[in-house]
Amino acid sequence: MSDRHEHRLRRALRYYPRHYRERHGEEIVATALELADPADPASLRTQYRDLVRAGLATRWRERPPMGRWLLYRLFDVRVPFRYRMWARDDLLGRRYWLRRGVSLLALHLAVAVPLCLLPPRPTVDLFGLSMDRTAIMATVALLLVLTSLPTTGRYRRRMLDKHDFHHDGTPVRWRTYQDEQGRMRAVRD
């Protein structure tokens, strides 16, 4: 019964963020096993349910606010330091390419749908060029396709650099020193 319960507890750890599992996973499982009462199956189910609920709460709590998340997801803005580990987990997580693609699709639709609602043949003077709706749609479609070409690997490495991580997800170490004028400087190791 103990092995089965331990397996269920380890499976429940998947609800926690990746960095949290890496740091506290063994401790959580050991504590839960120590507190478990193998004679009472209802308490084991309750313990599992509580572990899942705590994992989801931790995942929700460590997520950036909606505005920062949108800026990060749609416009590649760096998240604040507090959410840096969330960004690492997102960038290194499974199906990252799918999350990125869905976000870009939402941005593309937000741009393209209003253009579809324009009257049939308006003429817009754009940068000195007279364009009708068809030309505007074609230009926007071309720009959207060019911005969403599959560059996931290069993009992922660039975003990891932006959030001060090496390409394998380990944090970058910063070294400080004092320059000739007496000012403190920081360089990456």
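Read-outs: derived from the displayed coordinates by stated rules, not from any lab. This one's a predicted model, so the numbers in the text were calculated from it and none came from an experiment. Quick reminder, even Gly has a Cβ in these numbers, built from the backbone with ideal geometry, and neighbours come from all protein chains shown.
Using θ = phi - 60° and the Karplus relation 6.51 cos²θ - 1.76 cosθ + 1.60, list the HN-Hα couplings for region 60-65 in order, rounded to whole Hz, with x at every Gly or Pro.
5, 5, 8, 8, x, x
Based on the mean of other beta carbon atoms within 10 Å per residue, what is the order of 31-37, 175-181, 157-163, most packed first?
Working: 31-37: 13.0, 175-181: 7.7, 157-163: 16.6.
The most tightly packed comes first, giving 157-163, 31-37, 175-181.
Through the Karplus equation 6.51 cos²θ - 1.76 cosθ + 1.60, θ set to phi - 60°, convert the phi angles of region 72-82 into ³J(HN,Hα) values in whole Hz; use x for Gly and Pro.
Karplus-based 3J(HN,Hα) across region 72-82 equals 5, 6, 9, 10, 6, 7, 5, 7, x, 4, 4 Hz.
Name the long-range amide H neighbours of residue 165: under 5 Å, sequence gap of 5 or more, or other chain; modelled H, no Pro or chain starts.
172
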